[in-house]
Structures are given as structure tokens and as C-alpha cells.
1. Subtracting the Cα-Cα distance from 0.36 nm times the residue separation, let me have the gained length for residue 154 to residue 33 in nm, one decimal.
2. Which of the GluC sites (Glu not before Pro) across the range 34-114 are loop residues per DSSP, with 12 or fewer other Cβ within 10 Å?
3. When the Karplus curve 6.51 cos²θ - 1.76 cosθ + 1.60 is applied with θ = phi - 60°, which whole-Hz ³J(HN,Hα) does each residue of the range 99-115 get, with x for Gly and Pro?
4. For a quick check of your reading of the filter: which trypsin sites (Lys or Arg not before Pro) in the range 95-172 sit in a DSSP loop and have no more than 10 other Cβ atoms within 10 Å?
5. Between residue 7 and residue 22, what length in nm is gained on full extension when 0.36 nm per residue of separation is reduced by their alpha carbon distance?
6. Whose amide H sits under 5 Å from the amide H of residue 124, counting only residues 5 or more places off or on another chain, with H placed in the peptide plane?
7. Using alpha-carbon positions, what is the distance between the centroids of the range 113-142 and the range 28-91, in Å?
8. Connecting C-alpha atoms closer than 10 Å in a GNM of the chain, tell me which of 13, 156, 127 has the biggest fluctuation.
Amino acid sequence: MAELRIRRANEADAEAVLSIYAPIVRETPISFETEIPSIEEIRRRIASALERHSFLVCAAGAEIAGYAYGGVHRARAAYRFATEVSVYVDANWRKRGVARMLYENLLAELAELGYCMAYAGITLPNDASVGFHRALGFETVGTFPRAGWKFGQWHDTGWYWRKLREHPLQTS
């Protein structure tokens with residue numbers, strides 16, 4: 001088995017990222033997207049995340065096993081020290097520690113960038129994702145009932161948070 005390595009994503013990773021994400025959009029309510037994004041949109045998302053947050057991939061040789069990223073939690077200025085995080089792992093790489101490696105690196109990098117709180121939204125029920133986030137120190141905020149409509153039914157979203165650092169690197 002190839003050694004796993006965490007690195008910053010780049011534009012060349014867009015196709016692998018999309019190949020991991022597309023079945024999640026197409027087959028599950030995990031993502032509330034109803035249309036699979038284009039490769040150009042994935043490239044834009046990677047570039048956008050890298051501007052002020054982070055986008056990491058887990059490489060297993062030439063293969064991408066998973067990815068994780070941070071992004072804007074809310075647009076208003078007072079939220080600037082909060083980030084929303086997500087992780088996705090290729091079906092062939094699940095239950096091998098890929099998600100944990102990605103999140104540990106992502107959360108550390110976001111803290112170094114000055115973010116103080118990380119938030120994660122999880123479509124419920126999803127015991128595996130809830131357990132994973134709790135194991136990494138995330139605590140329950142609450143549930144948005146019937147937050148999304150996909151596949152002909154309503155889905156709740158659970159929200160979880162974790163402190164990354166006590167104070168921002170800057171206060172302006």
C-alpha cells in the first residue's frame with residue numbers, strides 16, 4: 001500500500017476531488033447539492049479555499065484518497081475568526097484513517113491562520129460522521145430540522161463546533 005501524504009490541493013487535483021464528491025452528490029443526502037458541479041467549479045472552489053482558508057488532499061502515491069477544506073462560515077465581519085470545515089474520503093479508502101489525518105492537519109493549519117472556531121454541518125442521521133467529529137473534539141451545537149430537501153424528503157442538519165485556538169492572531 002502506498003504511503004499516505006497530506007498536502008495542499010492544487011488545480012491539478014480537481015478531477016480527483018470531483019470523482020470523490022460526485023457519487024456523494026448523486027447518491028446520498030450528505031451533500032445538499034443536487035447537481036454535480038463542473039470541473040471548472042471544483043477548480044474555483046479549491047482556489048477560493050486556498051485564498052484565506054485551506055484545502056488539503058491525502059495522496060496515496062498518485063491517487064487522491066480524500067480531501068478536506070475550510071471555508072467561510074458566515075459573511076459578516078464578526079464571523080471572520082470562524083471557519084466551516086468538511087472532509088470527504090474516496091469509498092475505497094474509508095476506515096483507514098484518511099479522514100482523521102486530513103482533519104488533524106486541516107484544523108492545525110486553520111488555527112495557524114488565526115481561526116478560532118471550526119464548525120461542521122452533518123446531514124442526519126449519520127452516526128459515522130457524528131462519531132468521527134466527536135472523536136476529534138467537536139461538540140454538538142444543535143440541529144436545524146428539515147434544513148434540506150433532497151431525494152423526495154426532508155433532511156435535518158446537525159451542527160458541531162470545536163475550538164481551534166483561544167484568541168485570534170489579530171483583532172482587526
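Just so you know, all these numbers are worked out from the coordinates, no wet-lab data involved. Keep in mind the model is a prediction, meaning the values are calculated, not measured. With ideal geometry, Cβ positions are generated from the backbone for all residues, glycine too; neighbour counts draw on all protein chains shown.
1. Details: separation 121, 0.36 × 121 = 43.56 nm, distance 1.37 nm.
Full-extension gain reported as 42.2 nm.
2. Working: sites: 35, 40, 41, 51, 63, 84, 104, 109, 112; in loops: 35.
Sites meeting the loop and neighbour criteria: 35.
3. Once θ is set to phi - 60°, the couplings for the range 99-115 become 4, 4, 4, 4, 5, 4, 5, 4, 5, 5, 5, 5, 4, 4, 7, x, 6 Hz.
4. Those satisfying the criteria are 95.
5. 3.2 nm
6. 156, 157, 158
7. 15 Å
8. Per the Cα network of the chain with a 10 Å cutoff, 127 tops the list.
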